[in-house]
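Undergrad: Supplied in C-alpha coordinates, the structure appears directly below.
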Amino acid sequence: MSRLAGGVVLVTAQEPPLDPDDPGAPDGEYAGMTATAFLSVSLDPPLVLVSLRTGSRMDDLLDEQPLWAVSVLSESQRHIAGRFAMKGRLSDRLLFEDVPYVRGEATGAPLVGGALGTLECRTEQRVEAGDHTLVIGRVLKARMPSADGGPLLYFRGRYRQLG
Ligand SMILES: Cc1cc2nc3c(=O)[nH]c(=O)nc-3n(C[C@H](O)[C@H](O)[C@H](O)COP(=O)(O)O)c2cc1C
(Lines give C-alpha, C1' and ligand atoms only; values in the text may rest on other atoms or scores of the structure.)
Protein backbone atom coordinates (compact mmCIF):
# COMPACT_ATOMS: atom_id res chain seq x y z
CA MET A 1 0.00 0.00 0.00
CA SER A 2 2.98 2.31 0.42
CA ARG A 3 3.09 2.30 -3.43
CA LEU A 4 -0.37 3.84 -3.62
CA ALA A 5 0.12 7.62 -3.67
CA GLY A 6 -2.44 9.39 -1.55
CA GLY A 7 -3.54 12.88 -0.73
CA VAL A 8 -3.09 13.94 2.88
CA VAL A 9 -5.93 15.34 4.97
CA LEU A 10 -6.34 16.63 8.49
CA VAL A 11 -9.41 15.19 10.24
CA THR A 12 -10.64 17.53 12.95
CA ALA A 13 -13.38 17.66 15.55
CA GLN A 14 -14.27 19.50 18.70
CA GLU A 15 -14.40 17.47 21.88
CA PRO A 16 -17.77 17.65 23.63
CA PRO A 17 -17.83 19.90 26.73
CA LEU A 18 -16.83 18.07 29.92
CA ASP A 19 -20.29 18.58 31.41
CA PRO A 20 -22.91 18.76 28.62
CA ASP A 21 -25.65 19.56 31.18
CA ASP A 22 -23.87 22.71 32.33
CA PRO A 23 -24.44 25.57 29.85
CA GLY A 24 -21.54 27.45 31.45
CA ALA A 25 -19.07 24.62 30.89
CA PRO A 26 -16.09 25.56 28.70
CA ASP A 27 -16.12 24.40 25.09
CA GLY A 28 -14.34 21.15 24.35
CA GLU A 29 -10.83 21.30 22.90
CA TYR A 30 -10.05 20.92 19.22
CA ALA A 31 -8.58 17.67 18.02
CA GLY A 32 -6.83 16.79 14.77
CA MET A 33 -5.32 13.72 13.13
CA THR A 34 -3.39 13.31 9.88
CA ALA A 35 -4.90 10.72 7.53
CA THR A 36 -4.49 9.34 4.03
CA ALA A 37 -7.25 6.72 4.24
CA PHE A 38 -9.91 9.14 3.10
CA LEU A 39 -12.13 8.83 0.02
CA SER A 40 -15.34 9.92 -1.58
CA VAL A 41 -18.09 7.28 -1.42
CA SER A 42 -21.27 8.73 -2.93
CA LEU A 43 -22.36 11.85 -4.76
CA ASP A 44 -26.09 11.64 -4.02
CA PRO A 45 -26.24 11.78 -1.09
CA PRO A 46 -22.74 13.20 -0.67
CA LEU A 47 -20.84 10.69 1.48
CA VAL A 48 -17.16 10.38 2.33
CA LEU A 49 -15.22 7.85 4.37
CA VAL A 50 -12.26 7.99 6.70
CA SER A 51 -10.61 4.90 8.17
CA LEU A 52 -9.43 5.35 11.77
CA ARG A 53 -7.28 2.96 13.76
CA THR A 54 -9.49 1.37 16.41
CA GLY A 55 -8.72 2.83 19.79
CA SER A 56 -6.90 5.86 18.37
CA ARG A 57 -7.92 9.06 20.03
CA MET A 58 -9.77 10.29 16.94
CA ASP A 59 -11.67 7.00 16.72
CA ASP A 60 -12.71 7.34 20.36
CA LEU A 61 -13.68 10.96 19.87
CA LEU A 62 -15.79 10.33 16.75
CA ASP A 63 -17.56 7.55 18.63
CA GLU A 64 -19.05 10.30 20.83
CA GLN A 65 -18.95 13.29 18.49
CA PRO A 66 -20.84 12.82 15.19
CA LEU A 67 -19.66 16.14 13.75
CA TRP A 68 -16.21 16.34 12.17
CA ALA A 69 -14.35 17.96 9.33
CA VAL A 70 -11.64 17.26 6.80
CA SER A 71 -9.11 19.72 5.43
CA VAL A 72 -7.34 18.64 2.24
CA LEU A 73 -3.75 19.77 2.81
CA SER A 74 -1.69 21.65 0.28
CA GLU A 75 1.99 21.07 -0.49
CA SER A 76 2.93 23.97 1.79
CA GLN A 77 1.24 22.32 4.78
CA ARG A 78 3.61 19.40 5.33
CA HIS A 79 4.48 20.70 8.82
CA ILE A 80 0.81 20.49 9.79
CA ALA A 81 0.62 16.87 8.60
CA GLY A 82 3.76 15.97 10.57
CA ARG A 83 2.56 17.63 13.72
CA PHE A 84 -0.86 15.98 13.77
CA ALA A 85 0.54 12.52 13.12
CA MET A 86 2.32 12.48 16.47
CA LYS A 87 1.00 9.97 18.97
CA GLY A 88 -0.84 11.22 22.00
CA ARG A 89 -0.99 14.85 20.87
CA LEU A 90 -4.49 14.80 19.46
CA SER A 91 -6.22 17.45 21.52
CA ASP A 92 -3.39 19.69 22.60
CA ARG A 93 -4.71 23.20 22.07
CA LEU A 94 -1.15 24.40 21.46
CA LEU A 95 -1.02 22.35 18.28
CA PHE A 96 -3.55 24.66 16.67
CA GLU A 97 -2.00 27.83 18.05
CA ASP A 98 -0.02 28.80 14.94
CA VAL A 99 -2.26 26.99 12.45
CA PRO A 100 -4.65 29.37 10.68
CA TYR A 101 -8.16 28.00 10.91
CA VAL A 102 -11.80 29.00 11.09
CA ARG A 103 -14.40 27.21 13.17
CA GLY A 104 -16.76 25.31 10.86
CA GLU A 105 -20.32 26.64 10.95
CA ALA A 106 -21.90 23.21 10.62
CA THR A 107 -19.65 21.24 12.95
CA GLY A 108 -17.64 23.58 15.19
CA ALA A 109 -14.54 21.71 13.99
CA PRO A 110 -11.46 23.66 12.88
CA LEU A 111 -11.09 24.11 9.11
CA VAL A 112 -7.50 24.78 8.12
CA GLY A 113 -6.86 28.06 6.32
CA GLY A 114 -5.07 27.65 3.00
CA ALA A 115 -6.27 24.06 2.63
CA LEU A 116 -7.21 23.03 -0.92
CA GLY A 117 -10.68 22.11 0.28
CA THR A 118 -12.62 21.57 3.47
CA LEU A 119 -15.60 19.34 4.15
CA GLU A 120 -17.83 19.37 7.18
CA CYS A 121 -19.47 16.04 7.90
CA ARG A 122 -21.91 14.22 10.14
CA THR A 123 -21.35 10.51 10.78
CA GLU A 124 -23.96 8.30 9.09
CA GLN A 125 -22.40 4.93 9.74
CA ARG A 126 -19.50 3.33 11.60
CA VAL A 127 -18.23 0.01 10.30
CA GLU A 128 -15.75 -2.06 12.30
CA ALA A 129 -13.18 -3.46 9.86
CA GLY A 130 -10.30 -5.38 11.40
CA ASP A 131 -8.22 -3.00 13.48
CA HIS A 132 -9.83 0.10 11.92
CA THR A 133 -13.21 1.79 12.02
CA LEU A 134 -14.61 3.04 8.73
CA VAL A 135 -16.43 6.26 9.51
CA ILE A 136 -18.86 7.23 6.75
CA GLY A 137 -19.99 10.83 6.90
CA ARG A 138 -22.53 12.92 5.08
CA VAL A 139 -21.04 16.14 3.74
CA LEU A 140 -22.90 19.08 5.26
CA LYS A 141 -20.81 21.85 3.78
CA ALA A 142 -17.89 22.09 1.36
CA ARG A 143 -15.51 24.97 0.83
CA MET A 144 -12.36 25.79 -1.09
CA PRO A 145 -10.30 28.15 1.08
CA SER A 146 -7.32 28.16 -1.32
CA ALA A 147 -7.88 28.76 -5.02
CA ASP A 148 -4.59 27.26 -6.12
CA GLY A 149 -1.50 25.40 -4.95
CA GLY A 150 -0.63 21.74 -5.37
CA PRO A 151 -1.65 18.88 -3.10
CA LEU A 152 0.38 17.31 -0.32
CA LEU A 153 0.94 13.66 -1.20
CA TYR A 154 2.28 10.64 0.69
CA PHE A 155 4.11 7.94 -1.25
CA ARG A 156 6.55 5.23 -0.09
CA GLY A 157 6.72 6.63 3.40
CA ARG A 158 7.48 10.21 2.43
CA TYR A 159 5.62 13.43 1.87
CA ARG A 160 5.80 14.53 -1.76
CA GLN A 161 4.45 17.12 -4.09
CA LEU A 162 3.49 17.01 -7.75
CA GLY A 163 6.09 17.65 -10.41
C1 LIG B 1 0.89 10.34 6.18
C2 LIG B 1 0.12 9.70 7.29
C3 LIG B 1 -1.13 9.18 7.06
C4 LIG B 1 -1.89 8.60 8.07
N5 LIG B 1 -3.13 8.10 7.80
C6 LIG B 1 -3.87 7.57 8.79
C7 LIG B 1 -5.20 7.12 8.53
O8 LIG B 1 -5.70 7.20 7.41
N9 LIG B 1 -5.90 6.60 9.56
C10 LIG B 1 -5.37 6.49 10.82
O11 LIG B 1 -6.06 5.99 11.73
N12 LIG B 1 -4.14 6.94 11.10
C13 LIG B 1 -3.38 7.48 10.12
N14 LIG B 1 -2.13 7.96 10.39
C15 LIG B 1 -1.62 7.87 11.75
C16 LIG B 1 -2.17 8.97 12.63
O17 LIG B 1 -1.96 10.26 12.09
C18 LIG B 1 -1.48 8.87 14.02
O19 LIG B 1 -1.37 7.52 14.39
C20 LIG B 1 -2.28 9.52 15.06
O21 LIG B 1 -2.20 10.91 14.94
C22 LIG B 1 -1.76 9.14 16.45
O23 LIG B 1 -2.88 9.13 17.26
P24 LIG B 1 -2.93 8.24 18.59
O25 LIG B 1 -2.12 8.99 19.62
O26 LIG B 1 -4.35 8.18 18.94
O27 LIG B 1 -2.37 6.90 18.24
C28 LIG B 1 -1.35 8.53 9.37
C29 LIG B 1 -0.09 9.07 9.63
C30 LIG B 1 0.65 9.64 8.61
C31 LIG B 1 2.01 10.23 8.90
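The values are calculated or read from the model by the stated rules, or taken from the named source; none is laboratory data. Remember, predicted model here, so these are calculated numbers, not experimental data. Every residue, glycine among them, receives a Cβ derived from its backbone with ideal geometry; neighbour counts consider all protein chains shown.
Undergrad: Name the residues in region 21-55 that are crowded, with 17+ Cβ neighbours inside 10 Å and either within 10 Å of the ligand (Cβ to nearest atom) or farther than 20 Å from residue 118 by Cβ (or both), would you?
TA: Result: 31, 32, 33, 34, 35, 36, 38, 50, 51, 52.
Undergrad: What is the one condition in (1) touching a strand residue (DSSP E or B) at 6+ places or on another chain (Cβ under 9 Å); (2) closer than 18 Å to residue 142 by Cα that residue 44 does not satisfy?
TA: (1)
Undergrad: Here is a check on your reading of the model: is residue 86 in contact with a helix residue (DSSP H, G or I) (Cβ under 7 Å, 6 or more places away or on another chain) and within 11 Å of the ligand (Cβ to nearest atom)?
TA: No.
Undergrad: Having 1 or more residues that are basic (Lys, Arg) is the bar; report the strands (runs of 3 or more DSSP E) wholly within region 49-163 that clear it.
TA: Per the criteria, 101-103, 117-129, 132-143, 158-161.
Undergrad: Name, by its number, the condition in (1) in contact with a helix residue (DSSP H, G or I) (Cβ under 9 Å, 6 or more places away or on another chain); (2) without any contact (Cβ under 8 Å) to a residue 12 or more places away in the chain that does not hold for residue 148.
TA: Every condition holds for residue 148 apart from (1).
Undergrad: When you scan region 130-149, do you find a residue that is at pLDDT 95 or above, within 16 Å of the ligand (Cβ to nearest atom), surrounded by fewer than 17 Cβ atoms within 10 Å (Cβ to Cβ) and over 18 Å from the mean Cα position of the chain (by Cα), even just one?
TA: There is at least one residue in region 130-149 that is at pLDDT 95 or above, within 16 Å of the ligand (Cβ to nearest atom), surrounded by fewer than 17 Cβ atoms within 10 Å (Cβ to Cβ) and over 18 Å from the mean Cα position of the chain (by Cα).
Undergrad: Looking at region 91-102, can you tell me whether even one residue there is acidic (Asp, Glu), closer than 15 Å to residue 143 by Cα and either buried (at least 18 other Cβ atoms within 10 Å of the Cβ) or more than 13 Å from the ligand (Cβ to nearest atom) (or both)?
TA: So far as region 91-102 goes, no, none of its residues is acidic (Asp, Glu), closer than 15 Å to residue 143 by Cα and either buried (at least 18 other Cβ atoms within 10 Å of the Cβ) or more than 13 Å from the ligand (Cβ to nearest atom) (or both).
Undergrad: With the condition kept exactly as written, say whether any residue in region 104-119 is of a type outside the set (A, V, I, L, M), within 10 Å of the ligand (Cβ to nearest atom), crowded, with 22+ Cβ neighbours inside 10 Å and within 26 Å of residue 153 (Cβ to Cβ).
TA: There is no residue in region 104-119 that is of a type outside the set (A, V, I, L, M), within 10 Å of the ligand (Cβ to nearest atom), crowded, with 22+ Cβ neighbours inside 10 Å and within 26 Å of residue 153 (Cβ to Cβ).
Undergrad: Another one. Before we move on, is residue 58 within 18 Å of residue 97 (Cβ to Cβ), touching a strand residue (DSSP E or B) at 6+ places or on another chain (Cβ under 7 Å) and either at pLDDT 95 or above or hydrophobic (A, V, I, L, M, F, W, C) (or both)?
TA: No: the conditions fail for residue 58.
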